[in-house]
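The values are calculated or read from the model by the stated rules, or taken from the named source; none is laboratory data. Source: prediction; values computed, not measured. Quick reminder, even Gly has a Cβ in these numbers, built from the backbone with ideal geometry, and neighbours come from all protein chains shown.
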Amino acid sequence: MICEYEKSAGMKKKRNLLILTVFVFLNSITSGQLPDGVTLTQSFLDEITKNYSEENALSFNPNTISTLVKIPIRTHIIMSINGTPGVNVNNIRNSISLVNSFFRYAGMQFYIDSIDYVNDYNYSFIKYNNLRKELLNRYMVNSRINLFLADSIQLGNNKSYGFTYFPNVPDSSIIYLDKQYVTGNSLATMLGHFMGLLSTHETFGGRELVSEKNCSYAGDYICDTYADPGLYNMVIDSCRYIGSMRDDNGRYFVPSVANIMSESPDKCKCILTPLQYRRIFYYFHKYRQYLTL
């Protein structure tokens, strides 16, 4: 299994260079998946750079976590145009249970504080507009993660399955998630960003080399994740990477298709690394502790 291999060998950074010559029918590629809507900002890049030494000096072992802080999630289901929720409450609960299976290694346990229904379908199309501001003014609750389940999310040039804010943004306890992505790992990815993780394919601060010599100042700024050229529509149904991208030194990328913060198909994603857990722990205690008050 992909996950079992990566949990053991992957964390030790053992790899062989693969030269891929792959012929794949178009219908073998996972399609119809929306991208992650969160990209690195200059303000959070500055924050990572400023705190990098302190973060890396933190003594942290995800396997010795014994205490779990409880973090409430206020779930807001925005009714669809035909007056139905468009989402199953049991699926929401199962998604949070799945999130907890990962985040317990960062000392966190999420729970549903309450579920409410927004009875105006106009709010269900999340954009940078006055309707979104009205939605937040009417329904956002302090000291909770506010999870808004919507029919469409476009807080940029393109639609995405979800969007949230990095922890240094004031009054940012908000996650927007497309209702179609309630099942699976999409909420875990959003909570990863919410707690300070970058996408493994991030390039805003520089493109990570396959050798990972620049892992501390490029890519996701974490040195136990594989260099990632971007996996959107580059992983087939068998969870195999079919790209042939090279880094700036001409070396072929051999990325992980299993990392929660990648754009691999949801069914392939199943791990976070020890240093990703450390970053979650660090930025939670720096910025998000108000959620436990």
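The sole residue among Asp120, Asp116 that is in contact with a His (Cβ under 6 Å, 6 or more places away or on another chain), surrounded by fewer than 16 Cβ atoms within 10 Å (Cβ to Cβ) and farther than 23 Å from Cys270 by Cα is Asp116. Quick one: in the range 57-88, of everything that is in contact (Cβ under 8 Å) with a residue 60 or more places away in the chain and over 29 Å from Phe148 (Cβ atoms), which residue is surrounded by the fewest Cβ atoms within 10 Å (Cβ to Cβ)? Looking at the filtered set, the residue picked out is Asn61. Return the residue satisfying two criteria in turn: it lies in the range 265-281 and is modelled with pLDDT of 95 or more and either of a type outside the set (A, V, I, L, M, F, W, C) or out of contact with any strand residue (DSSP E or B) (no Cβ under 9 Å at 6 or more places or on another chain) (or both), and of such residues it is surrounded by the fewest Cβ atoms within 10 Å (Cβ to Cβ). Across the range 265-281, the extreme among qualifying residues is Pro274. Residue selection: Tyr123 fails the criterion of being in a strand (DSSP E or B), of a type in the set (Ser, Thr, Tyr) and either out of contact with any Pro (no Cβ under 6 Å at 6 or more places or on another chain) or without any contact (Cβ under 8 Å) to a residue 60 or more places away in the chain (or both).
Screening the range 229-254 for residues that are surrounded by 15 or more Cβ atoms within 10 Å (Cβ to Cβ) and at positive phi and picking the one that is modelled with the lowest pLDDT gives Asn233.
Based on this model, can you work out whether Asn214 counts as in contact (Cβ under 8 Å) with a residue 40 or more places away in the chain, part of a loop (DSSP other than H, G, I, E, B) and not aliphatic (A, V, I, L, M)? No; evaluated as a whole, the condition is false for this residue.
Pick from the range 167-187 the residues that are closer than 17 Å to Thr75 by Cβ and without any contact (Cβ under 8 Å) to a residue 40 or more places away in the chain: which of them is surrounded by the most Cβ atoms within 10 Å (Cβ to Cβ)? Among those residues, the one meeting the criterion is Leu177. Among the residues of the range 157-187, the ones that are at negative phi, small (Gly, Ala, Ser) and assigned to a loop (DSSP other than H, G, I, E, B) come to 3 in all. Applying the set (1) over 21 Å from Pro35 (Cα atoms); (2) of a type outside the set (A, V, I, L, M); (3) at pLDDT 95 or above to Thr292 leaves exactly one unmet item: (3).
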